[in-house]
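The values are calculated or read from the model by the stated rules, or taken from the named source; none is laboratory data. Because the structure is predicted, anything quoted here is derived from the model rather than measured. Cβ placement follows ideal geometry from the backbone for every residue including glycine, while neighbour counts extend to all protein chains displayed.
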Amino acid sequence: MDREIQTTLRVAAAAVRIFDDLGIPLVVVGSVAGIVHQHTRRTHDIDLLADVQPAHVRRLAQALALEWDVQDEVIQEALDKAQRFHSDPDFDRRWRPSFNVGHRATGRRLDVFIPIGDRYERVQLQRRIRADLPSGPLWVVSIEDALLAKAQWAHINGEFSPHQWEDAQALVRLHRSVLNLRYLHTWAEHLGVEDLLDAILRGERPGPPPADDDAEQLRMF
C-alpha cells in the first residue's frame with residue numbers, strides 16, 4: 001500500500017483511539033472509509049461523525065493536544081452550532097456543524113462532524129463496521145451509508161463532483177453483489193435522494209442543474 005495512505009490510516013487509527021477511550025461514539029466517513037472498502041485514493045483529510053457532548057470537550061481537547069493543534073473553544077463552538085441547527089431560524093444551514101484539527105507531525109487534517117439530531121445519523125453510528133488494520137482498528141461507515149453520503153453530497157451541491165462520482169462507482173463495482181438494496185432505497189427516500197441513488201446504481205451520471213448565481217456549496221462528508 002502507498003506510504004502516504006499508510007500514514008493517513010495510522011493517524012486515523014490514533015484519532016479513533018482517542019475518541020474510543022473517552023467513550024465518544026464515532027464513525028469514520030469520507031475517503032478513509034473508502035480506502036477501507038477497497039477504493040484507494042490518496043487523502044490528507046480524515047472525516048469523522050462523532051457524538052461529542054459538552055462533558056467531553058475539555059478531556060477531548062487535552063487528549064488531542066498531545067499531537068494535534070486544537071482549542072477547547074473550537075470544539076464548543078461546533079457543539080453550539082449543532083444545538084442551534086434546528087432551533088434558530090437565522091442559523092446558516094449551508095454548513096454542517098464541525099471542527100477540524102491539524103496533526104503536527106504529518107499535516108493530516110481531522111474533520112469532526114457533530115450530529116444535528118437526525119435519525120439517520122444514529123443509524124449510521126449503529127451500522128458502523130470495525131476494520132482491524134495493521135495501523136490499528138477503525139470504525140467505518142457501511143458501504144450503503146457511504147453511497148448514500150455521495151448522493152447527499154450531490155443533492156446539496158447540485159451535482160456530483162468527478163471525485164464523488166468516481167468514488168461512488170468504484171464502491172458499486174466492488175460491492176454490488178452484497179449491497180442491501182432495501183436499506184438503500186428506504187433511506188434514500190427518507191433523505192430525498194432517490195433519483196441520485198438510482199443514477200449511482202445505474203452508472204449514469206446526471207448532468208448539473210440550471211446555473212444559479214446564488215447557489216452555495218455545503219461542506220459535508
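Considering (1) part of a loop (DSSP other than H, G, I, E, B); (2) surrounded by fewer than 22 Cβ atoms within 10 Å (Cβ to Cβ), say which one LEU174 fails and leave the rest.
Here LEU174 meets the rest and fails (1).
Take the conditions free of Cβ contacts under 8 Å to residues at least 24 places away in the same chain, out of contact with any Cys (no Cβ under 9 Å at 6 or more places or on another chain) and in the same structural domain as GLY136 (by TED's automatic domain parsing) and apply them to GLN83. Does it pass?
yes
So VAL28 fits all but one of (1) touching a helix residue (DSSP H, G or I) at 6+ places or on another chain (Cβ under 6 Å); (2) outside any loop (DSSP other than H, G, I, E, B); (3) of a type outside the set (D, E, K, R); what number is the exception?
Failed condition: (1).
Between residues in region 13-36 that are in contact (Cβ under 8 Å) with a residue 60 or more places away in the chain and farther than 13 Å from ALA50 by Cα and residues that are charged (D, E, K, R) and part of a loop (DSSP other than H, G, I, E, B), which pairs lie under 6 Å by C-beta distance while being six or more apart or on different chains?
What qualifies is SER31/ARG41.
Sort out which residues of region 191-207 are surrounded by 14 or more Cβ atoms within 10 Å (Cβ to Cβ) and in a helix (DSSP H, G or I), and write them in order of number. Working first, answer last.
So in region 191-207, the residues surrounded by 14 or more Cβ atoms within 10 Å (Cβ to Cβ) come out as 191, 193-194, 196-201, 205-206.
Passing the criteria: LEU191, GLU194, LEU196, LEU197, ASP198, ALA199, ILE200, LEU201.
What are the pairs with Cβ atoms under 9 angstrom where one residue, in region 40-62, is surrounded by 14 or more Cβ atoms within 10 Å (Cβ to Cβ) and the other, located anywhere, is acidic (Asp, Glu) and part of a loop (DSSP other than H, G, I, E, B)? Sequence gap at least six, or different chains.
Every condition considered, the pairs that remain are THR40/ASP2.
Of the residues SER98, SER135, which is under 29 Å from THR186 (Cβ atoms) and in contact with a helix residue (DSSP H, G or I) (Cβ under 7 Å, 6 or more places away or on another chain)?
Being under 29 Å from THR186 (Cβ atoms) and in contact with a helix residue (DSSP H, G or I) (Cβ under 7 Å, 6 or more places away or on another chain) holds for just one of SER98, SER135, which is SER98.
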